Every structure is written in C-alpha cells, then in structure tokens.
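The values are calculated or read from the model by the stated rules, or taken from the named source; none is laboratory data. Since the model is a prediction, treat every value here as computed from it, not as a measurement. We place every Cβ from the backbone using ideal geometry, glycine too, and count neighbours over all the protein chains shown.
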Amino acid sequence: MVVPYTHEPFTDFSDEKNRKVMEEAINQVEKELGQEYPLIIGGERVTTEDKIVSYNPANKEEVVGVVSKANQELAEKAMKIADETFQWWRKSKPEMRADILFRAAAIVRRRKFEFTAWLVKEGGKPWKEADADTAEAIDFLEYYGRQMLRLKDGAPINSRPIEFNRYNYIPLGVGVVISPWNFLFAIMAGTTVSAMVTGNTVLLKPASATPVIAYKLMEVLEEAGMPAGVVNYVPGSGSEVGDYLVDHPRTRFISFTGSRDVGTRIFERAAKVNEGQIWLKRVVAEMGGKDTIVVDKESDLELAAQSITYSAFGFSGQKCSACSRVVAHEDVYDELVARVKELTEENVNVADPADANTYMGPVIDQGAFDKIMNYIEIGKSEGKLVTGGEGDDSKGYFVKPTVFADLDQNARIMQEEIFGPVVGFTKAKNFDEAIEIANNTDYGLTGAVITNNREHIEKAREDFHVGNLYFNRGCTAAIVGYHPFGGFNMSGTDSKAGGPDYLLNFMQGKTTSEML
C-alpha cells in the first residue's frame, strides 16, 4: 500500500542546524564545479567536441559545468533508441514505473541539501527559492507515481448483457521534453517523469542555461532503476536539435515550458504532418504570464503589500506566475504603493544567493539582464519610477527590485512579459473596473485578489480569467497536488501540472468490447 500523498515540507533555514548543513552542501558543490558531463543515449555516455558551458549567473566567471552538445545525427540516434525502447516499455507494469519514481523521490530527499546547493549555483536561486524548487521536484515524483497507480486500470464504462467493455489508457510514444531554466529542477523533473511513468519514452532537451541539474536527475533515475533508453539526455541548441525533434515524424508529443515566442513556434511546427508521420502530434505548452494582483478597498493592506513584494521579487521575478501588475482601488492606491516601496527597500536585498541572508539573487544571463534593463527604460517613459531601476552586470547579472506607479493599463510594461523584478501599478475606480483591467492582457496564468468582501471574491472567481486564482495571498508558489497549475490564452494549453488529470496529456483512451 502506498501512503497518501502530502507535499514535501520546506526547510526551515532559521534553524542553525539546517543552515550549517546547507553551507556544507554549497561548499561541497563548489568543489565539484567545472566538471564535464556527457550525453546519455540508450544508457551510453556520449562525449562530443561541441560543448554547452553552464555559468553561475551570480558570478559569470564561475563555470558550473561543461556539457556535451547534441547534433542532429545524435538526436536521430536517440530517437531511434527511444522508438525501439518504447515497443517494450509501453507494456511494462505501471506499478514498476511508479516504483522508480518513488525510489527517485527517496534518493533526492536524502540528498536534498546537495540538490538545493546545485540550484543556488546553476540557477542563481536564493536558499528559500532553491529549497522550494527541490521540494517541488520531489512532489512531482511522488504525486505522479500515485496518479499512475490510480489510472492503471482505466475508467469504468457500461456493458450490456451481451458484451463486456473496458476503457483503458495507453501511452502515446516518443516524447520530446523541452524544459526551462527558471524551475530548472522541478519543472524539468515533472515534465520528464510524467511522460515516462505513463509508459512513454523521452528525449530530454534541457535549457542550455541549466543543463547540469538535468544530468543529475538522469543519474537519480538510473539509480532508481530506470532502464536504459527510456529517458535520453540530449542537450543542444533549439535551432538545430529542438526544431529537428519537433519536426520528426516519429515524435508523438512535445512537452514544452518556456517563452511565448518559442512555444507558439513549436505549436505551429508540430501542427504540420511530415512525411512518414501517421498521427497528429500532441503539444503540452506552458508559455508564461502577465500576472495581476487586484487590491480592493476593503482589504488588509499590509497583507496586500507583503503579497505583492514576495510575488514580484521572489527569484527576481523570473517565474511565469510572478506578479508584474497591480491594480488597486483608487481609495487605497497611494497608501499601498508607499508600503510596497518601504517593504522593497527595507527587505529585498540583492546579493549572491550562496549567502543565507540573500533575498534576491541575479537574473539568469546577459540576455535577460539586457532585456529587463531595456524595459526599465521604457517604464521610465510610461510611468513614475518609485524605487529601483538600476542594474549591475560587472560580476553577475543583478537588477534591483523595481516598482513603477501611475501606469496606463495599456502601457508596454503592463502588457508585455518582462520576466524580471519589475512590477507596475495602476488604479481602478471600483472592483468591476479592476477585474476588467486584470483581464486586459493576452495571458491568463495566475492572479490574486486581496479583499474582505465576499461578493467580490465570488465575482472574481467567475470573471477573473486565469488558470490559477488566489484569494488573500500572493499569486506564486503553487504546490503539486494542491494547486494544479496552468493557464489560459497565451499562457499555454492549461495542462494543469501537478493535477489529477495531468498524466492524461501523455496517454490515449482505448476501448475494447468483447461479445459474450
């Protein structure tokens, strides 16, 4: 019997014992920086001359690891092996596949501080954010294993006296998983093992900024008993390897998390039926957001200010769920902006995330830094700069938490995804207008409403068009199994990761009917 699922507890770093263990883990990881990592194709380690270099975004001179880079020839080899492996893996027992996930979760749990330290170094995550990322990876392993056990016998359907009918779920085939750099462990692990536990084989192409942690997951899965060829590790460029695998006639599905531009491009390419292809490819895409916290005049303003600050600046705003827009009732607008300014300047320090006292670390790379600084300049012409607005990329890619006020709802920084520590404020005359402004975006991922008015909560529940809506809390920090995650409109396919029907994205229903 499998014990009921509960989410992995977060580490209390105010406990001196935990702080010491974390410091030791960071010291140990620092001794392992700069190592080389091969591809893994059919269980075979493959080294290439062309490399991907992973750098610490807080110290761009520090090499986290050097990873072999796949090309089209190796991608084709991996595809053939995954295709061949699928022919028997699809018939493997669901219980066995789930057991691999449970064992992998136990391995990561025992090495939790070590993995968190890798996230600090490769992802630039402060301790709290890195710990939550590791916990979420464990959660995905535990939750999806249990979900597979729930789905393994199919679903009940009716039979007549003359027949016996069954409805079962079967896997799809070979899937391409293209994972992001922001939740470099959790989302990468979740998208990989969800496809694997359902009986599919996988080509894992992690983000080029964070490929080392994906290799570490491969080692865990192998230790947990995953057979060779089930998941194949093929980091490479999107233009060379990514497009090739998305277009490949043997690719049955693509699971993508990343930017809107790349996601829509993948969706379009996957829609084309290529020569030799005998199915319509399935695409699971999570593509970001422009997320709003609405603050009503009947609300706890201190709760609102704290929720905004954490949701906007946790992990430097590099979450698709991050608060990048605030719509506040005009009666409380000025007081709220002033309080967010105070909290930001008092509490949100920017420093190396290896330091336990760091609230906000760097953004991921030079491209992100340049993009964010450009949007800050745009913001200065569109509204009032309340605090922040400065960046320093001399050692790492550090941007100060930035707040703009008095913005038009159609301003660029209120409409375009910045993916950095920038939040904009606008005011509304009443609650109805606030919800209208909140919905005035191409996206529909997360949102939050801070109010003590029950009628307004129910109105928002019906009319605030986002996939994840939170009341009287921030708009980030979804927990697997508690807050199934995914959004509407240009936020993606609303696949609801960490939810009860997520695994069905990687399976298809089959009806059998036997005459009696």
Unique match (being part of a strand (DSSP E or B), in contact (Cβ under 8 Å) with a residue 12 or more places away in the chain and farther than 23 Å from G288 by Cβ) among V423, V403, V386: V386
From T251, T201, T191, residue being polar (S, T, N, Q), more than 22 Å from Q72 (Cβ to Cβ), assigned by TED's automatic domain parsing to the domain that holds R111 and in contact (Cβ under 8 Å) with a residue 24 or more places away in the chain: T191
Residues of the stretch 320-374 satisfying the condition of being more than 27 Å from the chain's Cα centre (by Cα), of a type outside the set (A, V, I, L, M) and in a helix (DSSP H, G or I): Y333, D334, E335, R339, K341, E342, E345, E346
Checking V283 against (1) assigned by TED's automatic domain parsing to the domain that holds I266; (2) in contact with a Cys (Cβ under 9 Å, 6 or more places away or on another chain), the condition it does not meet: (2)
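Okay, residues lined up against (1) modelled with pLDDT of 95 or more; (2) surrounded by 19 or more Cβ atoms within 10 Å (Cβ to Cβ); (3) of a type in the set (F, W, Y); (4) not in a helix (DSSP H, G or I):
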site	(1), (2), (3), (4)
T441	yes, yes, no, yes
V449	yes, yes, no, yes
E455	yes, no, no, no
R461	yes, no, no, no
H465	yes, no, no, yes
Y470	yes, yes, yes, yes
C475	yes, yes, no, yes
Y482	yes, no, yes, yes
S495	yes, yes, no, yes
Unmet criterion (only one of (1) within 23 Å of the chain's Cα centre (by Cα); (2) aliphatic (A, V, I, L, M); (3) closer than 26 Å to E142 by Cα) for V2: (1)
Residue satisfying condition, being touching a Gly at 6+ places or on another chain (Cβ under 6 Å), over 28 Å from A305 (Cα atoms) and not hydroxyl-bearing (S, T, Y), within set D494, D501: D494
Only listed residue being on the phi < 0 side of the Ramachandran plot, within 19 Å of the chain's Cα centre (by Cα) and modelled with pLDDT of 95 or more, chosen from D131, D99, D153: D131
Residue match in the stretch 183-193 (condition: over 15 Å from the mean Cα position of the chain (by Cα) and modelled with pLDDT of 95 or more): no
Qualifying residue in the stretch 72-80 (condition: among the charged types (D, E, K, R), crowded, with 23+ Cβ neighbours inside 10 Å and at pLDDT 95 or above): no
Evaluation of G487 against (1) out of contact with any Phe, Trp or Tyr (no Cβ under 8 Å at 6 or more places or on another chain); (2) within 16 Å of C323 (Cβ to Cβ) (one fails), failing number: (1)
Residues being at pLDDT below 95 and under 19 Å from N200 (Cα atoms) - total across the stretch 223-280: 0
The listed residue being out of contact with any Pro (no Cβ under 6 Å at 6 or more places or on another chain), closer than 19 Å to M22 by Cα, outside the structural domain of Q366 (by TED's automatic domain parsing) and part of a helix (DSSP H, G or I), out of F113, F86: F113
Pair list, Cβ under 8 Å, 6 or more apart: the stretch 8-21 residue at pLDDT 95 or above, other residue in a loop (DSSP other than H, G, I, E, B): F13/A356; N18/T11; N18/D12; R19/F13; R19/A356
Some residue of the stretch 147-156 being farther than 30 Å from G236 by Cα, assigned by TED's automatic domain parsing to the domain that holds R111, without any contact (Cβ under 8 Å) to a residue 12 or more places away in the chain and assigned to a loop (DSSP other than H, G, I, E, B): yes
